[in-house]
Amino acid sequence: MSHNTFGQLFRVTTWGESHGPAIGCVVDGCPPGLSLSEADIQPFLDRRRPGQSKFTTQRQEPDQVKILSGVYEGRTTGTPISLLIENTDQRSKDYASIAAQYRPGHADMAYDLKYGHRDPRGGGRSSARETAMRVAAGAVARKILGPGVVIRGAMVALGPHGVDRERWNWAEVEQNPFFCPDPEAATQWAEILDGIRKAGSSIGAVLEVVAQGVPPGLGAPIYGKLDSDIAAALMSINAVKAVEIGDGFAAAALRGEQNGDEMRMEDGRITFLSNHAGGILGGIATGQDIVARFAVKPTSSILTPMHGVTAAGENADVLTKGRHDPCVGIRAVPVGEAMLACVLADHLLRHRGQTGQYSQPRA
């Protein structure tokens, strides 16, 4: 299977399946001399780890990362960094009854049409289990970006139930199982999702990722646009069906004088009076906060029987047993952060390669 690598100078290749012995990735292009240990990576994996609340899959994976190469005496060597996570809690028998069935909403049929052979256990390569390695790679990317670039994410809608931005508090994101910045919405979501979970169904979500302190100039016109690479990276996450930068689709409802981010000089620097563009103009970072949102569809694996077909071409009612997230969007927050970090690290290295500058993030 091809196309398992993303990035140009900061390149990440992931490998492994949901129910295989392990998953892993190779990070190539990381500059030498950066401080890096497993302890730098593990906290990000712990935020994505399954089984931490009743609102996520109860699969118990410690997701302990091992650095196999590319680091010597606590510093990167400039050679490929190989990362490994062992799978310890597979229950492949849960998929025996549907191995020859095509589940609605899943990639089963598409994989068979393309490859003619697939691993049905937990979705195989199409499982969100793969995203753990993206999170690990994102931790390495943050080292390249430095402490001046702060990347944060939040869940801003559970199905049709959104947050109140007047109550937005980043500190609340780590205080509830939804990564929700609005404590009142988080309380409401708990009741809503509990009912959906008990009904054997699922629901979608909208996530927002923000990068502060990004140096201006990252990105390039036309085919190297920073926003197009961010959109592609977020769209590559499992179950994502839409991406928007800044105001996104809402910008289409505005007039020009409303949408344009007006500027003024302040203390000898350009300041913006708004950020409808999400920190990117003409594909190039302006120095403002980079803001992106992505929509995650409802988890396709549910306990409600649905009409499907078999690989032999027969009609069948498909019911997916096993352990699944009633809202897979919850654990996508750390994944979105990681993908944004990887894109920004890649563009920082590309910017240095094109202009000779290694721009350090502004404080």
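Can you put K143, K241 in order of accessible area, largest first, using a 1.4 Å probe?
Values: K143 70, K241 135 Å².
From most accessible down to least: K241, K143.
Helix-derived [θ] at 222 nm for the chain: sum -39500 (n - 2.57) over DSSP H runs of at least 4, divide by residue count, nearest 500?
Numbers: 7 runs with 88 residues, N = 363.
Calculated mean residue ellipticity at 222 nm is -7500 deg cm²/dmol.
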>> Using amide H atoms built in the peptide plane, which far-off residues or other-chain residues are under 5 Å from T320 H to H?
In response: I302
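From Cα pairs below 8 angstrom and at least 6 apart in sequence, can you work out the relative contact order of the chain, rounded to a whole percent?
23
Where only protein heavy atoms count, and the probe is 1.4 Å, what is the accessible area per residue for region 184-322 in Å²? Could you put the intermediate results ahead of the total?
Numbers: 7180 Å² over 139 residues.
Heavy-atom accessible area per residue stands at 52 Å².
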>> Given a 1.4 angstrom probe, I'd like the percentage of the accessible area of the chain that is carbon and sulfur, rounded to a whole number.
In response: 54
> Which cross-chain or sequence-distant (5 or more) residues have an amide H under 5 Å from the amide H of V156, H modelled 1.01 Å from N in plane?
Replying inline: V206, L207, E208
>> For L36, what residues show an amide H to amide H distance below 5 Å, using hydrogens built from the backbone and excluding near sequence neighbours?
In response: R75, T76
> From the Cα gyration tensor of region 117-245, with a ≥ b ≥ c the square roots of its eigenvalues, which class applies: rounded if a/c is under 1.5, or else prolate if a/b is larger than b/c, or else oblate?
Replying inline: oblate
> Applying the Karplus parametrisation 6.51 cos²θ - 1.76 cosθ + 1.60 with θ = phi - 60° to the phi angles of region 301-317, what ³J(HN,Hα) value in whole Hz is obtained for each residue in order, glycine and proline being reported as x?
Replying inline: 7, 9, 7, 7, x, 9, 6, x, 9, 9, 5, 7, x, 10, 5, 7, 8
>> Among 157-165, 292-300, how do they line up by average Cβ neighbours within 10 Å per residue, starting with the highest?
In response: 292-300, 157-165
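Would you work out the relative contact order for region 261-305, in percent, from Cα pairs under 8 angstrom that are 6 or more residues apart? Intermediate values should be presented prior to the final figure.
Details: 36 pairs, mean separation 10.4, N = 45.
Dividing the mean separation by the residue count of region 261-305 yields 23 percent.
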>> Could you tell me how far the Cα centroid of region 147-175 sits from the Cα centroid of region 274-301, in Å?
In response: 14
> Using only the Cα atoms, what convex hull volume per residue in Å³ does region 203-304 have?
Replying inline: 116
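Kirkwood Rh over alpha-carbon pairs of the chain, then Stokes-Einstein at 10 °C and 1.306 mPa s: what D in µm² s⁻¹, rounded to an integer?
74
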>> Explain nothing, just compute: Karplus ³J(HN,Hα) = 6.51 cos²θ - 1.76 cosθ + 1.60, θ = phi - 60°, for every residue of region 278-294 in order, whole Hz, x for Gly and Pro.
In response: x, x, 9, 10, x, x, 10, 5, 9, x, 6, 4, 8, 10, 9, 10, 9
>> My understanding is that a pair violates if its Cα-Cα distance is over 29 Å; which of K143/K297; K66/K114; K198/K241 do that in this structure?
In response: K143/K297; K66/K114
>> For a quick check of understanding: with a 1.4 angstrom probe and all protein chains in place, what accessible area in square angstrom does L84 have, to the nearest ten?
In response: 30
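The values are calculated or read from the model by the stated rules, or taken from the named source; none is laboratory data. Computed from a predicted structure; not experimentally measured. Heads up, the Cβs are rebuilt from the backbone with ideal geometry, glycines too, and the neighbour counts pull from every protein chain shown. Quick note on the areas: whole protein, heavy atoms, side chains included, nothing else; ligands and nucleic acids left out. Shrake-Rupley method; radii C 1.70, N 1.55, O 1.52, S 1.80 Å.
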